[in-house]
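The values are calculated or read from the model by the stated rules, or taken from the named source; none is laboratory data. Every value quoted in this text rests on a predicted model; they were computed, and no experiment measured them. Note that each Cβ is placed from the backbone with ideal geometry, even for glycine, and that neighbours are counted across all protein chains shown.
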Amino acid sequence: MEAAIRFEHVNYSINHLHILKNLSGIFPKGKITTLVGPSGAGKSTVFRLCNGLRSANTGKIFIHGKLITDYHPVDLRRNVGLALQSAPMIDGTVLENLQLPLQLQGKKLPESEAKHLLQLVGLDNSFLHHHANDLSGGQRQKVSIARTLVNRPKILLLDEITSALDRVSQQDIENLILRINEKFGTTILWITHNLQQALDVGDYTWVMMNGELVESGKTSLLESPTDDRVREFVKGDGTN
Amino acid sequence: MSYLNLTLSLVFVLIPILLSKTLNLGLEKDTVIAVVRSTIQLLAVGFILHFVFNSKNYIYIILMIILMIVAATHNARKKGTSIQGITWKLVVTFIFIEILTQGILLGLQIVPPTAQYIIPISGMMIGNSMVLGILFLNRFTAELKNHQDQTELILSLGGTPKQAVHNQLVSAIKASTIPTIESQKTMGLVQLPGMMSGQIIAGADPVQAVQFQLLVLFLLLTTAVVTAILLGFLSYPTLFNERMQFLKERIQSE
């Protein structure tokens, strides 16, 4: 199985707090891998390391076979897109938010392309000139995903993007991610607290606890976990 | 003014002390300390200036300016402890301000190259630059704290550190320089500037006093804008490492 991302004995600490402990594992290329585990397990830190917002203290991370530190940070971040749970927006319209990634490169996203992106994430063109502050939680998440897609990342990191949304919006976004994965062959890593969602959308799953990778493999492992801690976690429906 | 007259003016110190005591404001101790300190400091400066003006030696002028820069740096650096190497950044800023303003003033022969002009103008410029520096560092740190998600958003999309803090930098530069610009709009209508008032009281021609005051106001505009921009562009790179990662712990530990 070809790895889009490979972790080898990765450790990460901050302020004497050991957040990731000797983490080793892969995220398969072109697949959707869900990351599940209790809060504080280190899932978001994995994303920050992959996107280059943080660096491991020890160990190695490979992106498409190349050591992460061999990438220029700007190139790395354009190739490994990150959509955050809070979906932060810059002060401006939806169009201005969509134009941000190219604006950072001194280029301009044509309005027609922005409309196409909105359609892709299931938003009407009329949203283009709405102020970002006027959007609902679900709409913000969709704009945030569309904005991340502007850089055409090969790998997309989604950090609990549906946790604050109602079921209909959640399903909308699940379908959208499946479409993106299918259409562009994008490798997708998705942190979720919703085990049913992990089962519905994931090809593979990482179960993390207390900074360690406890179990990983095909998502069906959640239906019959071998590790006692994972079994307990699944029994609690991922909420413990 | 005679020393007797100066002694009589202490009545203006007694008024706040009596009011503070009557109303239990607790300001007596600080008022007395402020009066004693300002009296000693100003009298000392008066005697030093008297000596420097009479000696006509440039070494003393340079020493005075170094002393001003050291004092201004010591005062302003407390507000920028989250910024690595803030002491030297402030020193560079104050030296740059001094060279820029004096270079233009003396180069264009706007004022004569004597201690009588160089020292008071340097004091006003460095002092103003210090206040601006404190205002800027306060605002810039607050902006960074309040907009951490924006900074990380721009970095995560492939922006550079400069792009990631651009808005915060501009806000802090604007916020710290606006008071200087705004106060000049009402100058002469609401308040008579201290230097001009001092000159008039000392018997100078009011028109001449206005001319010098205008010179100082124009200089203050340059000082304000250059201080904020220079300090901003010297400061922001220390908040990122070589992998273009935002070191937010530095801001949070403030």
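Going through the range B:103-152 one residue at a time, which ones are within 14 Å of chain A (Cβ to nearest Cβ) and touching a helix residue (DSSP H, G or I) at 6+ places or on another chain (Cβ under 9 Å)? Full working, then the answer.
Taking the range B:103-152 as the starting set, the residues that turn out to be within 14 Å of chain A (Cβ to nearest Cβ) are B:143, B:146-152.
Correct list: B:143, B:146, B:147, B:148, B:150, B:151, B:152.
Is the range B:90-98 home to any residue that is closer than 15 Å to residue B:72 by Cα and acidic (Asp, Glu)?
So in the range B:90-98, the residues closer than 15 Å to residue B:72 by Cα come out as B:90-98.
So of that shortlist, the ones also acidic (Asp, Glu) come out as B:98.
Yes: the range B:90-98 contains one or more residues that are closer than 15 Å to residue B:72 by Cα and acidic (Asp, Glu).
Using the structure shown, decide if residue B:101 is in contact (Cβ under 8 Å) with a residue 12 or more places away in the chain, in contact with a Gly (Cβ under 9 Å, 6 or more places away or on another chain), at negative phi and not hydrophobic (A, V, I, L, M, F, W, C). Please lay out each step first, then the result.
Details: in contact (Cβ under 8 Å) with a residue 12 or more places away in the chain: yes; in contact with a Gly (Cβ under 9 Å, 6 or more places away or on another chain): no; at negative phi: yes; not hydrophobic (A, V, I, L, M, F, W, C): yes.
So residue B:101 fails the test.
Got a sec? Which of B:233, B:218, B:212 is over 30 Å from residue B:83 (Cβ atoms), at pLDDT 85 or above and away from chain A (no Cβ under 14 Å)?
On the way: B:233 fails: over 30 Å from residue B:83 (Cβ atoms); B:218 fails: over 30 Å from residue B:83 (Cβ atoms).
Step by step, each of B:233, B:218, B:212 is checked, and only B:212 is over 30 Å from residue B:83 (Cβ atoms), at pLDDT 85 or above and away from chain A (no Cβ under 14 Å).
Which one of these is in the same structural domain as residue B:233 (by TED's automatic domain parsing), surrounded by 12 or more Cβ atoms within 10 Å (Cβ to Cβ) and in a helix (DSSP H, G or I): B:71, B:34?
B:71
For the range A:200-236, which residues satisfy the criterion of being out of contact with any helix residue (DSSP H, G or I) (no Cβ under 6 Å at 6 or more places or on another chain) and assigned to a loop (DSSP other than H, G, I, E, B)?
A:203, A:210, A:211, A:223, A:224, A:226, A:227, A:236 - these are the residues of the range A:200-236 that are out of contact with any helix residue (DSSP H, G or I) (no Cβ under 6 Å at 6 or more places or on another chain) and assigned to a loop (DSSP other than H, G, I, E, B).
Yes or no, residue by residue, for (1) within 19 Å of the chain's Cα centre (by Cα); (2) within 30 Å of residue A:86 (Cα to Cα); (3) modelled with pLDDT of 95 or more:
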| position | (1), (2), (3) |
| --- | --- |
| B:154 | no, yes, yes |
| B:178 | yes, no, no |
| B:183 | yes, no, no |
| B:190 | no, no, no |
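State which residue is nearest to residue B:77 (Cα to Cα) when the search covers only the range B:222-254 and only residues that are without any contact (Cβ under 8 Å) to a residue 60 or more places away in the chain and in contact with a helix residue (DSSP H, G or I) (Cβ under 7 Å, 6 or more places away or on another chain).
B:229
Residue check, residue B:81 against (1) surrounded by fewer than 21 Cβ atoms within 10 Å (Cβ to Cβ); (2) in contact with a Gly (Cβ under 7 Å, 6 or more places away or on another chain), all met but one. Which one?
Result: residue B:81 passes all but (2).
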